[in-house]
1. Touching a Pro at 6+ places or on another chain (Cβ under 8 Å) and either modelled with pLDDT under 75 or farther than 18 Å from Gln360 by Cα (or both): does that describe Arg269?
2. Counting only residues that are small (Gly, Ala, Ser) and part of a helix (DSSP H, G or I), how many does the range 129-154 have?
3. Within the set of pairs 6+ apart or on separate chains, which have a first residue in the range 131-151 that is within 21 Å of Arg186 (Cβ to Cβ), a second that is assigned to a loop (DSSP other than H, G, I, E, B) and of a type in the set (A, V, I, L, M), and C-beta atoms under 6 Å apart?
4. What are the residues in the range 345-373 that are under 30 Å from the mean Cα position of the chain (by Cα) and farther than 24 Å from Trp299 by Cβ, if any?
5. When you go through (1) part of a helix (DSSP H, G or I); (2) at pLDDT below 75 one by one for Phe79, which number turns out not to apply?
Amino acid sequence: MGFKASYEQRVFWLTLLGGLPAVGLAFVWGHWAIGTALVVIWIACALLVRERVIHPLQTISNVLAALREGDYTMRARGFDPEDALGLVLLELNTLSDDMRANRLGALEATALLRRIMDEIDVAIFAFDDAGTLRLVNPTGAALLGKPPEQLLGRRAGDLGLEQSLTGDTPRVETVGFQAGGRWEIRRATFRLEGRPHQLLVLADLSRALRNEERQAWQRLIRVLSHELNNSLAPIMSIAESLGRAVAQGPPSGQNVDDLKRGLGVIASRSESLNRLMAGYARLARLPPPRREPVAVQDWVRRVVALETRCPVGVHAGPEVTIHADGAQLDQLLINLVRNAVDATLDGGAVEVGWQARNGQLEVWVRDEGSGLADTANLFVPFYTTKPTGSGIGLALSRQIAEVHGGALTLRNRAPEKGCEARLSLPIA
């Protein structure tokens, strides 16, 4: 076997060889004292050169080893940033600082992600490419009725989640977990350690739907109770008064006039109740739209022509045809134009216009009235601020818009005076 010198040894011997000619000449010329001194200096310089070269390299090696082990606290000290090795050590320290900051950020992000997964009220599962569960949050474990340690490593089919990993998403299904109910299923893909994984998210819609349904019933009952009490209270009072008058004897003179007035009030309030129930029936029984081609310009001008109390301006947009139920759209726009005209009877203009943008038809009705005083209850059925209003128009209009795949919004104009109703409908 041949002798293989280390890097340190090679640096040392190369340094010695560099000074060998000077020492040799000193001995040849017979200057033994000078030659001996040069030998000592020669060896000392070789050792010093080796130390100045080898020590920084050892420092670099130690710092790199620490970085490989995940220790970002080791630093190179005592270097001169003006020389080449000093610049290398400076960059190495900067790299350590950057890696330490990145690791700290990753740890904080991971901690935040775990906290969110623990607190979020949706079930989260992560499966590898073999369909094996690799991650589950507490909500997901509670949904399956077992602790996470008993779920990790099991196949999706064993957990009853195999169907959730196939098909289109997002979608809503009735999944037969212990909790039951309707669930929104969402999926996404990601890679972990080079392997593809699927992220499965299940959100329980049943509870949210029940809460919304309960709130809707509460609002409806509150409004119906208010309207019924407004009519039943005077009917009961007048009926008692008329009963006492009849009990006193046959009506005559003033009593006849009182009876007529009382019966008139009862008839009026009964008619009000009849309108209320008819409006409720119309709102609850809106038929599915019968779609046909509707030319937007003809539709808008036809509805505007029906309003005779004041002129309504038309800001014409592009020639657009949509597929919709023409009769339902007429009712929707009639309600909006009528409300705008009601708001400007004391003065102000009303304008209707439309535009096409991003595959959507946008129709607006603007007025210069006093604006909306209560925007929170605009679409609550039977809620109205008009003395003779039914509280059905806006609720029915929004329902028509939604069954056509659109939306209806109302807002106060700013800085202009008045209100703007904006209807959005898909063109295709």
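1. yes
2. Of the residues in that region, 3 qualify.
3. Leu133/Leu152
4. Leu372, Ala373
5. Only one criterion in (1) part of a helix (DSSP H, G or I); (2) at pLDDT below 75 is unmet by Phe79, namely (1).
The values are calculated or read from the model by the stated rules, or taken from the named source; none is laboratory data. None of these values were measured; they are calculated from a predicted model. FYI the Cβ positions are ideal-geometry reconstructions off the backbone, even for glycines, and counts take in every protein chain you see.
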